[in-house]
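Novice: What follows is a single structure, and I will ask about it in a moment.
Read-outs throughout are calculated quantities, based only on the coordinates presented, and are distinct from any laboratory measurement. Since the structure is predicted, the reported quantities are computational estimates derived from the model, not experimental observations. Virtual Cβ from ideal backbone geometry, glycine too; neighbours counted across all protein chains shown.
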Amino acid sequence: MNISDILKQYPEVINLYLENLSNSGWVIINKKGQIIDCNKGFLELLGIKKKPIKLNIKSFLSKSSEELIFPEKSFAKLNLLFIGKSSVEILLKGFIFPLNDHYLMIFEQHRLTYNELIVKMSKLNDEIVNLTRKLEKKNAQLKEAITTVKRIMNTDPLTGILNRRGFEKMLKKQISFALRHKLPLSIIMIDIDHFKKINDTYGHETGDKVLKIFAKTLEKSIRQEDIVGRFGGEEFVIAFPNTKIEQALSAAERIRQKIEKMKIKAINGNITASFGITELMSKDDEESILKRADEALYEAKRGGRNRCEIK
C-alpha cells in the first residue's frame, strides 16, 4: 500500500491539513480572477485575517509583478509579487491548475537565494542612504529655521539691532563672564531727547527714520565686541565688555557729540541724546545694573539733557 492509497481512505485528514494546517497557500478562483475560497495558509502568507471572498486576486498583486497566467490545459508555474501587510511586497511561487470553470492556485513563500538576498540588501542599503540624506537635509533646514526664529525673536524689526529680550540675554552672559574672570563691564543707557516732539511735528514715519539712523550711528560708533540694543521706544543701551566706567564715559561723550552734529534731512535742526553710565558691581545682575544705568540717564535728563551722567 502506498501513500496515495492511504490518503484516499482518509480524505478528511487531507482536507484538515490543506484548510487549516498547511503553510502552503491554496486559492480557488473563477475565470475572471475572483476568489471563491482560500485556506489559512494563504491568509498567513499575505498577513490578512479574513478570507477575501469575491475580491479579484489581481487586486493583491504589485504593479511590478509578472502577469497572472490562466492555462487552458495542464498547469502553469506562478511567480507573482503580492502586496502584503503594511504594503510589503511578497514574492510567492507556485502553480495554477485548471478545474473546469475554476482554477486552483497553490503557493509557497519564496525563500531568497544568496544572490537574491545580496541584491535585496543592497537595495535596502541604498534606500537607507537616501533616507539618511533626506533626514540630514530636513535637519539642516530645521536648524536653519530655528536659527531664523531665534534671530527674529531677539531682533528689533525697525532698526535691525537687538531688542530688549535679545540684549538682556547677551548681557546676562557678559555679566557672568565678567564676574567669573573679575573683569570690568560698563553699561550706557541712551535716550533721544524730545523724541515725542519729533513724532508730533514730522509724523511717525519720520520718527521711525530717525530711530533707524540713530541705531546705525550707535553701531558705527562702538567696537566689534560691544553690544547695542533698542531697549524700547526711543531708548537704547550699549554694553562695553572689559571697560571701566571712565572709559565708558569717554565713549559716551564721543557718541553724544557725534549725534549732536548729525544732520537728518527730514527734520529741521539737530537731534540730541542723554546718556546714563554705570559699571558692574560684584552683586549685580542684569536687572540691577540696567536699573542703575536708567537712574543715571534720569539724572542726565533732569540736568538739562544732551549730557552724560555716571552712577
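Novice: Hand me the list of strands (runs of 3 or more DSSP E) wholly inside region 223-311 holding 1 or more residues that are touching a residue at least 24 places away in the same chain (Cβ under 8 Å) and surrounded by fewer than 14 Cβ atoms within 10 Å (Cβ to Cβ). Give the steps one after another, and end with the answer.
Specialist: Numbers: elements: 227-232, 235-241, 273-279, 308-310.
Once the strands (runs of 3 or more DSSP E) in region 223-311 are filtered for at least 1 residues that are touching a residue at least 24 places away in the same chain (Cβ under 8 Å) and surrounded by fewer than 14 Cβ atoms within 10 Å (Cβ to Cβ), what remains is 227-232.
Novice: Hey, another quick one. For region 69-93, give me each residue that is basic (Lys, Arg) and either assigned to a loop (DSSP other than H, G, I, E, B) or under 16 Å from GLY33 (Cα atoms) (or both). Talk me through it step by step, then tell me what you get.
Specialist: Narrowing region 69-93 to residues basic (Lys, Arg): 73, 77, 85, 93.
Hit for region 69-93 is LYS73, nothing else.
Novice: I would also like to ask the following. Looking at (1) under 44 Å from the mean Cα position of the chain (by Cα); (2) more than 30 Å from MET170 (Cα to Cα); (3) aliphatic (A, V, I, L, M), which one does LEU78 not meet, given that it meets all the others?
Specialist: (1)
Novice: While we're on this one: What are the pairs, 6+ residues apart or on separate chains, where a residue within region 46-70 that is in contact (Cβ under 8 Å) with a residue 12 or more places away in the chain has its Cβ under 6 Å from a residue that is charged (D, E, K, R) and not in a loop (DSSP other than H, G, I, E, B)?
Specialist: So the pair list comes out as GLY47/LYS85; SER62/GLU89.
Novice: Among the listed residues ILE271, ILE238, ILE213, which satisfies the condition of being more than 25 Å from ASP200 (Cβ to Cβ), among the hydrophobic types (A, V, I, L, M, F, W, C) and out of contact with any Gly (no Cβ under 7 Å at 6 or more places or on another chain)?
Specialist: Values: ILE271 fails: more than 25 Å from ASP200 (Cβ to Cβ); ILE213 fails: more than 25 Å from ASP200 (Cβ to Cβ).
Exactly one residue qualifies, and that residue is ILE238.
Novice: Take the residues in region 13-68 that are of a type in the set (A, V, I, L, M, F, W, C) and part of a loop (DSSP other than H, G, I, E, B); name whichever of them is surrounded by the most Cβ atoms within 10 Å (Cβ to Cβ). Outline the logic, then answer.
Specialist: Step one: list which residues in region 13-68 are of a type in the set (A, V, I, L, M, F, W, C), which gives 13-14, 16, 18, 21, 26-29, 35-36, 38, 42-43, 45-46, 48, 53, 55, 57, 60-61, 68.
Narrowing further to those that are part of a loop (DSSP other than H, G, I, E, B): 48, 53, 55, 68.
Details: ILE48: 14, ILE53: 10, LEU55: 13, LEU68: 17.
Checking each candidate, the answer is LEU68.
Novice: Out of LEU162, LEU218, LEU179, I need the residue that is in contact (Cβ under 8 Å) with a residue 60 or more places away in the chain and touching a strand residue (DSSP E or B) at 6+ places or on another chain (Cβ under 8 Å). Which one? Write out each step before concluding.
Specialist: Values: LEU218 fails: in contact (Cβ under 8 Å) with a residue 60 or more places away in the chain; LEU179 fails: touching a strand residue (DSSP E or B) at 6+ places or on another chain (Cβ under 8 Å).
Only one candidate qualifies: LEU162.
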